[in-house]
1. Answer yes if at least one residue in segment B:117-128 is farther than 20 Å from C:I222 by Cα and away from every other protein chain (no Cβ under 13 Å), and no otherwise.
2. For residues in segment C:382-433 being open to solvent by 10 Å² or more (accessible area, probe 1.4 Å) and among the charged types (D, E, K, R), which is nearest to C:A51 (Cα to Cα)?
3. Any residue at all in segment B:160-176 that's assigned to a helix (DSSP H, G or I) and out of contact with any helix residue (DSSP H, G or I) (no Cβ under 9 Å at 6 or more places or on another chain)?
4. Residues in segment C:344-362: is at least one of a type in the set (S, T, N, Q), closer than 30 Å to C:A425 by Cα and surrounded by 15 or more Cβ atoms within 10 Å (Cβ to Cβ)?
5. Right, C:I284: among the aliphatic types (A, V, I, L, M), in contact with a Pro (Cβ under 8 Å, 6 or more places away or on another chain) and either assigned to a helix (DSSP H, G or I) or within 16 Å of the ligand (Cβ to nearest atom) (or both) or not?
6. Quick check on segment C:487-497. Is at least one of its residues over 26 Å from C:F435 (Cβ atoms) and in a loop (DSSP other than H, G, I, E, B)?
7. In segment C:232-252, which residues are surrounded by fewer than 24 Cβ atoms within 10 Å (Cβ to Cβ), within 11 Å of chain B (Cβ to nearest Cβ) and part of a helix (DSSP H, G or I)?
8. Taking the stated definitions as given, is C:F446 open to solvent by less than 20 Å² (accessible area, probe 1.4 Å) and assigned to a helix (DSSP H, G or I)?
Amino acid sequence: MENSSHHIVPYRVYLIILAILILMTGISVAVTQIDLGVITIAVALLLATVKSAFVLIYFMHLKFDNRMFSIMAVGVFLMIGVVIFVTFLDYLFR
Amino acid sequence: MEVHRDDEGSKIGMWLFLFTEMVLFSGLFIVYSVYRYLNREAFHQAAAHLDVALGTINTIILLASSATIAMSISAIQYQKKKQALALLTATVVLGLVFLVNKYFEWGEKIGHGIYPGSETLASYGHGDVLFFGLYYFMTGLHALHIVIGLVFIGFVIWYIAKDRITHDNFSVHENSGLYWHLVDLIWIFLFPLFYLIT
Amino acid sequence: MISEPKHASEPSYLEYKGKHKGILAWILSTDHKRIGLLYLYTIMSFFVVGATLGLLMKLELIAPGKTIMEAQMYNVTFTLHGIIMIFVIVIPGLPAVFGNFFLPIMIGAKDVAFPRLNLLSWWVYIAGIILVLIALFTGDGPPDTGWTFYAPYSFKTAGNMLPAVFGAFVLGFSSILTGLNFIVTIHRMRAPGMRWLKMPIFPWTLYGTAWIQLLATPIIGITLLMVAGERLFNIGFFDPALGGDPILYQHLFWIYSHPAVYIMILPAMGAISEIIPTFARKEIFGYKFVVGSTLAIAFVGYFVWGHHMFTSGMSGTALFAFSILTFLVAIPSAIKVFNWISTLYKGSIRMETPLYWALSFIFVFMIGGLSGLMQGAVAINVHVHDTHFIVAHFHFIVFGGTGFAFFGAMHYWFPKIWGRMYDAAWANTGWIIFFIGFLSLYGPMFYLGLQGMPRRYYDYDESFHGGNILSSLGAIIMIAGAMVIIVNLIRSARKGAPAVADPWGGRGLEWKIPSPPPLENFDEIPVIK
Ligand SMILES: [Cu+2]
């Protein structure tokens, strides 16, 4: 079987991604020191989502692997999202 | 039976396992978001008790360890065994530093009487009880995953040293990387939820 | 479909001698067929335990007041009946037994993707059972919460909850491992030429089931861990005294446990979808619809859990949403029923035991499913909530659905598994006794529930006496039928007439290889044209 068809990612790519991730961590810390209520929460979570996307795409190789992995991952996240949404149909309207 | 090797298959298996881990934690995220919604003010205040600097350092440590393990997989493909071992060792060291920081963080909180079931914590009110209950439960479960990941990486180091993982047979190594990134991924969400949204 | 030489000279998987002897050759075997049988024997042994507990409950309810046990004993009995039947028997049920045995064969593979992991799943399963048994015999009395472990009672009761909770957690882990294995097997090990839409229905339903096992089970895992945390550290997650919300526990529990119903029923539908075409001697009607409805059930089934909580105090919006979603999920189930009926239409029907089971499956599944739809409507649900109506509905689906399909599959694949035919006369006798017993056991419960008889009490009002007598007699008849069936199967497995490779004229790959199959199933991996 196709056991050796691997894409080798140069060190440089990982270091760049790491720099971006650390930068984004810094931004989210800085932003959340200013209290803007709901917006703070939204920004912090948005940045966390973007960061996790970088981890998934580069560190976890979704970019280089079979598309199927990405489809599955997105599907699982969507499912989790919908479950949270449906749960909140109870709490938001109680 | 003949030995049957299917790297793609074992990678699918690993991803499926990671999905179960994500769903496992998502159960806790549901609990967190519901209680945050119900105790907005208390969660707001309680989060201010956590040390943002320490949390930020730990975040950077985990991100760096993710980068080193990812690079070690490139190293093994480049057939640079020494570099791969060095990068993996760096990952383990970073993971241990994370745990040490966590230990001091927990120790400090427990020293102040903030732990589940304590009188002090109960006197703060319901929101704080739930916030710190979730804090201990979620970071504790996360730390447990770090420990498991470290053991896993330990095996990978052993296998590389013994040449059981090589440039054309490194599926186990790759899967250990996936697992470690998942641990990172969860922390990326835990960090803002507990430390930043104050 | 395929042309393949048969080599009857090769030893079958039953006779094969590996490096271990005796029982070790089984409990250390990584052969998917032997592992399937390990599950079968474990499940059957515990079925006897679970059924005995059920019978004891029916005997208690044969007359009002205390008959054979006290209230607390009754609480313990229905809890254990639930835990054993759900977590030990029905959830692994068809996937672990027939899935393990037939999935690789039906897709033309020599084994599952991870044979050693497969064996590990069984061992983890046994570990879970042992934990549950520990809960029984240690501490201050067995669990008495019902199988749902509802908070806050589950961390307040004196009953020995921790081992039971951890046991259910470990059993869930085993279920996850099986699901993971099946998904990778289906993705990677289908025989050349077996495109997704050429795969038989049973593997398709296992595929849908496996995804549910994978994506729903962790939720109950974490929930049970939280309950354990409550008991050990008094954290307060679900404790109103500490600000927790017990209804959140119910949400989490049912986020898993509603999809779990589909873990139980999907493979059962898959088995029925194999049996009916074989004995109607036709292709299944609307293959793509059966596949599509399988995936639709698996998907929509995630978002309907709230129908278990209509009286818990959820918001009106949630009641409305869950009610609609519940009605939606009935559509794909109904599609399947129409497909089965249409497959029978103008078929050249051959009445054999598996078909009797399949037809009675459709009958009881319709009653169970339609009574489930009734409960999707909030007004009716509030009326019948926690009455025997629920018990009846539930058993029509889980026992009448999954159980009947299990027995049907048992007879259908019996010749392949043991290489012998069962005694058809006894099998049919057992079926009719069982069927009559089943209907008179659970049928009256619908009536009793509508009259207002609550469930989970050892006592009841005098006015419910008549229905309960009928129900308890039904239980005795059904157990008698089950005994006839099981004794006949055990006897036939040892002494039955030798079976040919394809006794039913089946179409799947499993009928192209000898009965019982050789160790590696196929000499050469078949190529599907
Ligand atoms: Cu349900």
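The values are calculated or read from the model by the stated rules, or taken from the named source; none is laboratory data. Since this is a predicted model, take the numbers as computed values, not measurements. Note that each Cβ is placed from the backbone with ideal geometry, even for glycine, and that neighbours are counted across all protein chains shown. Just the protein is used for accessible areas: all its heavy atoms, side chains included, with ligands, DNA and RNA removed. Shrake-Rupley method; radii C 1.70, N 1.55, O 1.52, S 1.80 Å.
1. yes
2. Going through the qualifying residues, I end up with C:D386.
3. Taking segment B:160-176 and keeping what is assigned to a helix (DSSP H, G or I), we get B:160-161, B:171-176.
Those still in the list that are out of contact with any helix residue (DSSP H, G or I) (no Cβ under 9 Å at 6 or more places or on another chain) too: none.
Scanning segment B:160-176 turns up no residue that is assigned to a helix (DSSP H, G or I) and out of contact with any helix residue (DSSP H, G or I) (no Cβ under 9 Å at 6 or more places or on another chain).
4. Of segment C:344-362, the ones of a type in the set (S, T, N, Q) are C:348, C:353, C:360.
Next cut, closer than 30 Å to C:A425 by Cα only: C:348, C:353, C:360.
From what's left, surrounded by 15 or more Cβ atoms within 10 Å (Cβ to Cβ): C:353, C:360.
Checking segment C:344-362: at least one residue is of a type in the set (S, T, N, Q), closer than 30 Å to C:A425 by Cα and surrounded by 15 or more Cβ atoms within 10 Å (Cβ to Cβ).
5. Taking the combined requirement at face value, the residue does not satisfy it.
6. No, segment C:487-497 contains no residue that is over 26 Å from C:F435 (Cβ atoms) and in a loop (DSSP other than H, G, I, E, B).
7. C:L232, C:F233, C:P240, C:A241, C:L242, C:I247, C:L248
8. no
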